[in-house]
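Written out below as structure tokens is the structure these notes cover.
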Amino acid sequence: MAETLRPYRDIIALSAPIAGIQFAQVALTSTDLLMMGFLDVKAVAAGGLALLLYNQLRTMCVGMVTGLGNLIAGAIGRGETRTGTKSIYDEAREEVHDLVRAAMLLATLMAIVAGLLLISLGYLLPFLGQDAAIVALAKPIMLTLAPGLLPMIWLNVLRQFAVGMRRAGSLFAVTLVSIAVNAALNALFIYGWLGMPRLGLAGIGLATTLVQIWTFLIYLRTVRRDAVLRPLLSLDTWRARPETVKRIARMGLPIALTYGSEAAITSVATVFMGTFGPVALAASNVVNQLAYIVYQLNIGLSHGASVLVSRMLGKGDHAQVGAIARRALTISFTIMGVIALAYVLIPDIVLRPFLGNRPDLTLSSAAATLLWFAIAHQFFKGSQNICIGLLRGLGNTKAGLTNTIIGYWLVGIPAMAICGYGIGWGSEGIWFGLCLGFGVTSALLWRQFSAQLDALDGKKSSQPVDTPSAMTGKA
């Protein structure tokens, strides 16, 4: 029994710390949305819209540096196959230094561009059919959220570095503290306690940015205290080689566009929901945030499985790829099933934290209805993300983008428009189309993975063209 469960423990041991860091990020926006519930329905609608656009850009920034973990894992895996007097880490030291420097420079540039874009989006909301009062509330919080993109993406570079080394560590304690600190700062800036100015929703964005900075510094200290990671960490971005920056960007761009496409369909759904009024928009924001929290578990499994695949291929062990995929899906579906039961059996308890002390009955009813769609949403979206990670481990970062374009833009968004407006299903039709888009994308990606796995099994004696080691140009 113990031997049967051991491979699952290996995936969980690598995925859990990654999911923990994801939760540290999502805990901030979840706490923000919770605090908005103490204001009013318009605050939940406007603030939730701002957070969704922030997450859209945050996700794309993270995608640009996600390949770093695979590149480092491949370098370490190749080091394990070499013989000589040097250790594995000595063999890979220069390559890892080069990768980390380049990733930090790329992250900085991306965060600056994304921050400016987030601020600009605040001025475009009126042209997207949003209520003027909602826009007036959303713009200030988007302004204060923007600077937090810098420490956020720096943290993700460190995370990918540590994950590639299979030493991600835990941020559980930091996550708990960050939730408490963020909630306290939210209240401080919302209500003007201790002589602070009353900033309202803008104060919530400022609190999140401050906590992002704190979390990054804490994780940086953790990495520097690790005896294995410290010698391989190199933050002197001015020494980054342009060709390495371009290599990471080339690998990261399809990932960023895939992640961005995934976030974009949710953003489009939110804009559609806004046309049905503040209550529909607020209900969608609450349920989307719940689904987003759960989604972090699948992100952890996706990254963990991806790095394990890269490491196996770096060692030349192709036979384990299919087994890693099956174990990751088993873990995911088990957790998703338990959460689905909670949505069905205790919806009021699940929703209550986001609806304030005196929840609006219309809002509660609308959110409870959308929870049924959230069940399908979580299964489809989670499984597709795990598959994207597995394909990335095989060196294929383009399949995710190609299939999401089909599933989201050719199926999902038209289905939302037809079901929401054409057929007249309203807000439920928007979520039905959203789930349909994720479902089609998931099916397409798993078909792609199965085909690539069959091709890999047929060429075990040779190096696949699309593996991470082939992409680095090193044997």
Is it the case that some residue within region 4-14 is of a type outside the set (Val, Ile, Thr), buried (at least 22 other Cβ atoms within 10 Å of the Cβ) and either at pLDDT 70 or above or within 30 Å of ALA133 (Cα to Cα) (or both)?
no
Single unsatisfied condition, ALA256 versus (1) within 26 Å of LYS398 (Cβ to Cβ); (2) outside any helix (DSSP H, G or I):
(2)
Go through region 70-107 and count every residue that is in a helix (DSSP H, G or I) and either of a type in the set (Asp, Glu) or modelled with pLDDT under 80 (or both).
19
Are any of the residues in region 367-376 in contact (Cβ under 8 Å) with a residue 60 or more places away in the chain, part of a helix (DSSP H, G or I) and closer than 24 Å to ALA305 by Cα?
yes
ASN403: in a helix (DSSP H, G or I), polar (S, T, N, Q), under 30 Å from ASN70 (Cα atoms) and touching a Leu at 6+ places or on another chain (Cβ under 7 Å), yes or no?
yes
Which ones in region 328-366 are of a type in the set (Gly, Ala, Ser) and either under 15 Å from GLU428 (Cβ atoms) or assigned to a helix (DSSP H, G or I) (or both)?
ALA328, SER332, GLY337, ALA340, ALA342, SER364, SER365, ALA366
Name the single residue, out of those in region 382-426 being at pLDDT 90 or above and small (Gly, Ala, Ser), that is surrounded by the fewest Cβ atoms within 10 Å (Cβ to Cβ).
GLY422
Which of the residues belonging to region 223-241 are part of a helix (DSSP H, G or I) and hydrophobic (A, V, I, L, M, F, W, C)?
VAL223, LEU232, TRP238
What do you reckon, is LEU220 part of a helix (DSSP H, G or I), surrounded by fewer than 18 Cβ atoms within 10 Å (Cβ to Cβ) and touching a residue at least 12 places away in the same chain (Cβ under 8 Å)?
yes
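The values are calculated or read from the model by the stated rules, or taken from the named source; none is laboratory data. Just so it is clear, the structure is predicted and the values come from calculations on it, not from any experiment. Because the Cβ atoms are built from the backbone with ideal geometry, glycine has one as well, and the counts that use them run over all protein chains shown.
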